[in-house]
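Encoded as structure tokens, the structure appears first; notes follow it.
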Amino acid sequence: MKFFHLSDLHIGKQLNHYNLKEDQIHILNQVVKLAEEQKPNAIILAGDIYDKSIPSAEAVTIFDNFLTQLSDIKPAIPVLIISGNHDSAERLDFASTILGRHNVYIAGLPPREKHEYLKKVTLNDEYGEINIYLLPFLKPGYVRHLFDEGEITSYDDAVRKIIERENIDYSKRNILVAHQFFTFQNIKPETCDSEITLISVGGLDNVDVSAVKDFDYVALGHIHGPQKIGYDHIRYGGTLLKYSVSERNHNKSLTVVNVKNKGEKPEIEQLKLKPLRDLRLEEGLLEEILARATDENRHDYISVILRDELEQYKPKEQLENVYTHILEIRVDNSRTRSKLEASCEEINIENPYEAFENFFFSMQNRDMTEDERKAMISIITSVKENDR
Amino acid sequence: MKPIKIVMSAFGSYADKIEISFEEVNGGLFLISGDTGAGKTTIFDAITYALYEQTSGGIRDGNMMRSQFADSDTLTYVELTFKYQGEIYKIKRNPQYERRAKRKTADGNGFTTEAPKVELTLPDGKVFMGNKTETNNKITEVLGIDKEQFTQIAMIAQGDFLKLLHANSDERKRIFSKIFDTRIYSRIQDVLQSKLKEINTELAKNKTLCEHEMKNVSCIEGSIYENQWIDMYSGFEFKTDEVLTLIESINKEIKEAENTIISSKEKMQVSFNEINMAINSAEAINAMFKKLKLARDMKIELYNKKEEHHNNEIRLNSAKRAEIIKPEENRYIDKLNSLREIEKRIFIINKWLVDNENQLLALSENLAMCEKNKNENEEKLNHSIARINDTIDKYDELEQKKALIVDIEKEKLSLEQNISKLKAEIENLNLWKLKLDSEQDSLKNCYTEFTDAQLKVKDIEKNVIELDELNKLAGELSLSKDKYDISIIEANKALNTYSASNEIYEKLYRAFLSEQAGILAKERLKENIPCPVCGSTSHPSIAVVSEHAPTQADVENAKQKRDIAEKNSSLVNENLQAIKQQYTMSKELVLNKARLLVKEDFSIEADINLIYQLLEKFKKELEQYKIILNMAISNKAKYEANIVSLENISKQILAKSSNLDEITNKYNEIKIEFATINSNIEDIKKHLYFKSKAEAVQGLNMRKAKLHELNKAVNDATNNYNNMLRQIEARKGQQKSELDNQIRVNAEVEECKESYYGFIKANKFSSEEEYKKSKLTLNQIEALQSQIDDYNKKLSDTDNEIRIYTEQTEGKTEIAVTDMIKTKDDLAISLQEIEKEFKQIYALDRKNSDARANIDKLFKQRKEIKSQYEIYNSLNATANGNISGKIKMDFETYIQRQYFNKIIAAANKRLDRMTSGQFLLQCRELTDLGNRGPVGLDLDVYSLLTDTTRDIKTLSGGESFMAALSMALGLSDVIQATAGAVHLDTMFIDEGFGSLDDSSRGQAINVLNELAGNNRLVGIISHVNELKEQIDNRLVVKKSDKGSTVYWAK
């Protein structure tokens, strides 16, 4: 059983005001091509299909084209989709029953009634049947009513109980698709800036992987860097593109999983992807950065940190002349550092007379005369007395 | 300050009591979402109100705070529980407001005013003692910050967030002034300014005074200094010395002119005095001539009035004579009047006497009649009264006897009833006794009857039991026989079946054996194959199988059937033997018993039915004897009961008979007593006239009253007659004395008349008429006398004057003075004029000298004030930022810049994160400040990239929000740092997130989330959808027709 494990497409995402439409079409086309070549038994999209709960028309079209292209491949490859925290569960669920008849299985909403269960897709391969459970993104509140009062207090409870009530036969081969913040005994996955973390009570939005470790493979979404969490067979697929500067060193790739016999370790393969434009950090002196530009890299998305101590002549304009997609330019030198350093001295308000003396000098460029001094002292004394 | 729980009742948009517990959030970021106007901001308002008695918007009016949806029973209040430095405080507060009364109020409009109240519960659970103001102060003391500071740092209000950002320096100064309490500096500025103003006023006042004094300085007419002085007016304050010198010269000129006038005035005065003396002596002589002439004129006038004077004297004389007669005349008239009076009285008395003598006659007749009436009735009445008095006690006795007889009669009756009742009872008892005696006679054999019946029943019962058992055995025997008969038939049948099946089998077996060759040939013999029997390979005549040849299977089958039948037959046979044995045993048992019980030659075959018949017979007999036994038992019981009853009855008859004797005796005694008393009553009744004592008393009283009436009538009539008689006699006495008077007074009148006429004659009046004409009143006489005296005196005076003035004017003539007077008048006018001239110049002199002294003083003062002005002007210009050509920064602003810089530094820490280091905020340097308008707290944007600054207003909406948010957080930091122990663990941000793009919003939320940490509470009020998805802790406010509700989203 060979399948593609994708997640976090974030279609319609903007990167520092740049529209990523072209980049996303480009990368999705690569996925289609790889599918044609590799002929996987299934393609899994583990949540965050769109970047927004109400995706733009453009974004919907991109995803539509992607699905259409995949469905054109013969023999047909089943596509399994769950909603992520960015998606609107109901919107994603639109027409899912109809699509289900055409090999596109969408699970937008978690079970809402006691008699409802997770969407389960059973596929066959040379080793027999394999069950794929689709667990859409859920918050404790979505499913609390299915259980007794007080049973669900955290995300961990919610996921654990929802899986428990499925009564899964673990003697068979099972795959889970989920989009939660899974951790392993307090070890968190490596995160990056583009994942907007959920803000929940005491930050308890994590689910321990022990809840899902009995599956033969767990295809996760939500975290943007591809990685395993706790066990080799529990993996985040990662994004296809770099969605923030913090991901500049990520190796964005397509995860291909091959699940063979029950109990056999799944084979994982990362297929290289070539983005339309890379995302890089350029750091150093303006001159050096400019010198590093080539025809290949000058269209990349770059974040610039200038380290020149001497102020350069119109650095932004110079950079823009060479690089076409600059995300941001920061200057990091003693000037900016000093600007950022908060003045640590305590606020020291001298007594009013001394303050006035200083003020007088800075305004008049001379000291007060003896008469002025006397007058001022009497004024301040009277004000202070009246103040009481 | 961290809220734990807030309760709002009928507050803002919440109609009922709403309770929000923030403990569910505990720490961190939470979102308040809901429709516009649902009451998101109200939550913050309620917190602010609870703490500071006004909403964040500054509203204090309770009627505005009260929910319009609230019903009259719901009170408006806010109750806030919060934690500060780990301690729990609680504030309950309600505003003053009007609500519809629960009961109708006295004035009938049904409104009642709720008084404002506040209650602070301290961490130890005690309520803070103090009035509202004291409590408010305590709350502020606990929190360490006042309302201004609180709303600035705890709430970034909707639409307000740009205020601090875009405020100009002056507006910012006002905000900081309250927050950091730099008001002392502004007061210093104010005092300086007012001091300067004071000095200015003094200067102006001094100038006015100087001007006034200078106007007091004037020159003499045509002075050489006149123009010079007028020129001096303008700008005099700058040439004070010149002014003073010129005044000196002017004054000198005046002094000279003054001296000239004085000398000419003195000369003029001398001439005037001389001519004045001459005029005075001439006028004295002229006056004497004038008086002489006047006296002579008077003399002539008096002479002309001489005739009139003489007549007056004659008239006075006759009047004086008449005066002597006047008393006589009066006496005569008096006497005459007395006489008339007496005559009138006599007339009245006479008339009265005639009237009353008739009356007296009538009274006398009445008296006689009354006496007659009395004599007729008196004796009869007295007799009657005595008789009644004698019998009155008898009535009481009668009443007593009557009561006694009633009681006795009652007792008699009750005794009669008792006697008849007892007699009847005794009769009844005797009857019952007779009845019982006869009953006992019939029952006397009951014991023997009972014993007999009992024995008989026992006998029969034994027979029935034994027969019943035998009967059962007989039934069983019959069943056993039936079973035995059937078993014999079955055994025969089984034997037959076996024989038949055996026959079939034998037959088939034989047939099978005989067909064996055929079967073998058919199966095995084939051409050219050797025969198993003989080995021949040729088989010319093969045995054939007959058509009905049984197969081996058929044989087997038949054998099986035969075996089954055989087995069955032997089984049935065994069974038969068992049944037979049972039957035989049963038969024996029945026979034995029956021979004992029924008859000795009992045979089962012939007599089996006898058992049952005998049983039935005994059963019937038993029933009969049981009934007889029961009867015997009941008879026995009855007999025993009757013995007891008889004893009882005898006892009762004895007791009742003795009782009857006793009562009969008593009855006879009472009967005798009743007759005695009855005859007594009849006796008494014979002697009594009235029916009762009350009637007797009434009759007695009536008679006594009648007797009294008769006596009274006689007395009254006697009195009336005597009275009248006395009155008539008195009047008659009066009549007599009046008639005597009349005679006496008449004589006196005659005497007076004679004397009066004598006086008229003696005083030389010819008649009474003449006398009456000459008569004058005393006043008239006095007036006439003084007129005569006056004339005489004037005449003598005039003569005297004429004599004196004639002597004095002798040898002298009159002098003409007209010319002299004219000269004198002219001189007087000249003198007046010169005097005026002198006065003018003198006044001028005085005024100028005074003015000079004043001006000198004022100029000295002016110098003093001017030096003060210079000092304060420079101080004021500096403090208030008014130095020309310099930046307009005042002292307070200068101080606030220190806070401002600190706030910006704190803000920049956040802003750097939110904007990825693109820009920072910066306080504009002193050197960069403009000269126009108040400056000092100006905010710039500093671009880190280009090292340039630009105006804050050039920021976009989203950038502005981030900058404002950073500023608010910075402000919060600084306030908490400066206010020392202030810990404000709460912040509300009201909208503004809509202006941010996704990544900026993410950064902003991250900053806030970090800020919140686990301990602080940061509430975001927003509509932005993405926030709803991102923030789990959501307080949802729902609007409805009946006020809003609020709940934590799950």
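The values are calculated or read from the model by the stated rules, or taken from the named source; none is laboratory data. Quantities reported herein were computed from a predicted structural model and do not represent experimental measurements. Every residue, glycine as well, gets a Cβ built from its backbone with ideal geometry; the counts of neighbours run over all protein chains shown.
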**The lone exception for B:S867 - which of (1) without any contact (Cβ under 8 Å) to a residue 60 or more places away in the chain; (2) closer than 30 Å to B:I324 by Cα; (3) of a type in the set (S, T, Y) it fails** = (2)
**Message:** Filter the stretch B:33-60 down to the residues that are crowded, with 21+ Cβ neighbours inside 10 Å and free of Cβ contacts under 8 Å to residues at least 12 places away in the same chain and list them by number.
**Reply:** B:T55
**Item:** All positions within the stretch B:180-218 that are exposed (fewer than 15 other Cβ atoms within 10 Å of the Cβ), within 14 Å of another protein chain (Cβ to nearest Cβ) and over 30 Å from B:F150 (Cβ atoms)
**Value:** B:S194, B:K197, B:E198
**Prompt:** Right, B:G885: modelled with pLDDT under 90 and more than 10 Å from chain A (Cβ to nearest Cβ) or not?
**Reply:** yes
**Prompt:** Just wondering, is there one or more residues in the stretch A:161-169 that are over 23 Å from A:N261 (Cα atoms), within 13 Å of another protein chain (Cβ to nearest Cβ) and of a type outside the set (S, T, N, Q)?
**Reply:** no
**Prompt:** Does A:R330 qualify as being within 8 Å of chain B (Cβ to nearest Cβ), within 30 Å of A:Y243 (Cβ to Cβ) and either in contact with a Gly (Cβ under 6 Å, 6 or more places away or on another chain) or surrounded by fewer than 14 Cβ atoms within 10 Å (Cβ to Cβ) (or both)?
**Reply:** yes
**Request:** Find the residue count for the stretch A:249-291, including only residues that are without any contact (Cβ under 8 Å) to a residue 60 or more places away in the chain and over 19 Å from A:Q227 (Cβ atoms).
**Result:** 15
**Fill in**
Only one of (1) buried (at least 19 other Cβ atoms within 10 Å of the Cβ); (2) at the interface with chain A (Cβ under 10 Å from one of its Cβ atoms); (3) under 24 Å from B:S916 (Cα atoms); (4) modelled with pLDDT of 80 or more does not apply to B:I989, and that is (2)
**Request:** Pick out, from the stretch A:173-270, the strands (runs of 3 or more DSSP E) lying fully within it that include 3 or more residues that are at pLDDT 90 or above.
**Result:** A:173-178, A:181-183, A:217-220, A:227-229, A:231-236, A:253-258
**Asked** Which of the following residues is closer than 25 Å to A:I223 by Cβ and among the acidic types (D, E): A:D157, A:D148?
**Response** A:D157
**Request:** May I ask you to say which residue of B:T151, B:T140, B:T135 is assigned to a helix (DSSP H, G or I), surrounded by 15 or more Cβ atoms within 10 Å (Cβ to Cβ), more than 14 Å from every other protein chain (Cβ to nearest Cβ) and touching a strand residue (DSSP E or B) at 6+ places or on another chain (Cβ under 6 Å)?
**Result:** B:T135
**Message:** Looking at the structure I just gave you, is A:D157 within 14 Å of chain B (Cβ to nearest Cβ) and farther than 24 Å from A:S96 by Cβ?
**Reply:** yes
**Residue list for the stretch A:364-388, filter: closer than 17 Å to B:N873 by Cβ, more than 7 Å from every other protein chain (Cβ to nearest Cβ) and of a type in the set (V, I, T)** = A:T369
**Message:** Can you tell me which condition A:L271 does not meet? The list is (1) more than 8 Å from chain B (Cβ to nearest Cβ); (2) surrounded by 15 or more Cβ atoms within 10 Å (Cβ to Cβ), and all the others hold.
**Reply:** (2)
**Search result, residues across the stretch B:993-1025 that are away from chain A (no Cβ under 12 Å), more than 17 Å from B:A907 (Cβ to Cβ) and in contact (Cβ under 8 Å) with a residue 60 or more places away in the chain** = B:R1016, B:L1017, B:G1019, B:I1021, B:S1022, B:H1023
**Message:** Can you find a residue that is closer than 20 Å to B:L622 by Cβ, part of a helix (DSSP H, G or I) and either modelled with pLDDT of 90 or more or among the aromatic types (F, W, Y) (or both) anywhere in the stretch B:442-454?
**Reply:** yes
**Filter result (part of a helix (DSSP H, G or I) and in contact with a helix residue (DSSP H, G or I) (Cβ under 7 Å, 6 or more places away or on another chain)) within the stretch B:985-997** = B:F993, B:S995
**Item:** the stretch B:14-32, subset of a type in the set (G, A, S) and within 14 Å of chain A (Cβ to nearest Cβ), residue surrounded by the fewest Cβ atoms within 10 Å (Cβ to Cβ)
**Value:** B:S21
**Prompt:** With B:S830, B:S874 as the choices, which residue is within 14 Å of chain A (Cβ to nearest Cβ), in a helix (DSSP H, G or I) and small (G, A, S)?
**Reply:** B:S874
**Asked** Within the stretch A:39-51, is even one residue within 14 Å of chain B (Cβ to nearest Cβ), touching a helix residue (DSSP H, G or I) at 6+ places or on another chain (Cβ under 8 Å) and under 12 Å from A:G12 (Cα atoms)?
**Response** yes
**Message:** Please verify whether B:Y791 is in contact (Cβ under 8 Å) with a residue 24 or more places away in the chain and outside any helix (DSSP H, G or I), treating the condition exactly as stated.
**Reply:** no
**Fill in**
Flagged in the stretch B:671-693 as among the β-branched types (V, I, T) and either assigned to a loop (DSSP other than H, G, I, E, B) or within 16 Å of B:A403 (Cα to Cα) (or both), in numbering order, are B:T676, B:I677, B:I681, B:I684
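To keep it simple, each residue is scored yes or no on (1) within 30 Å of B:N317 (Cβ to Cβ); (2) touching a helix residue (DSSP H, G or I) at 6+ places or on another chain (Cβ under 6 Å); (3) surrounded by 11 or more Cβ atoms within 10 Å (Cβ to Cβ).
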residue	(1), (2), (3)
B:N723	no, no, yes
B:I743	no, no, no
B:V749	no, yes, yes
B:C752	yes, yes, yes
B:Y756	yes, yes, yes
B:S774	yes, yes, yes
**Request:** Being under 24 Å from A:N351 (Cβ atoms) and more than 7 Å from chain A (Cβ to nearest Cβ) is the filter here, so list the residues in the stretch B:888-901 that pass it.
**Result:** B:M889, B:D890, B:E892, B:T893, B:Q896, B:R897, B:F900
**Complete:** If we take the stretch B:902-984, then strands (runs of 3 or more DSSP E) inside it with 1 or more residues that are away from every other protein chain (no Cβ under 13 Å), in contact with a Cys (Cβ under 6 Å, 6 or more places away or on another chain) and surrounded by 18 or more Cβ atoms within 10 Å (Cβ to Cβ) are none
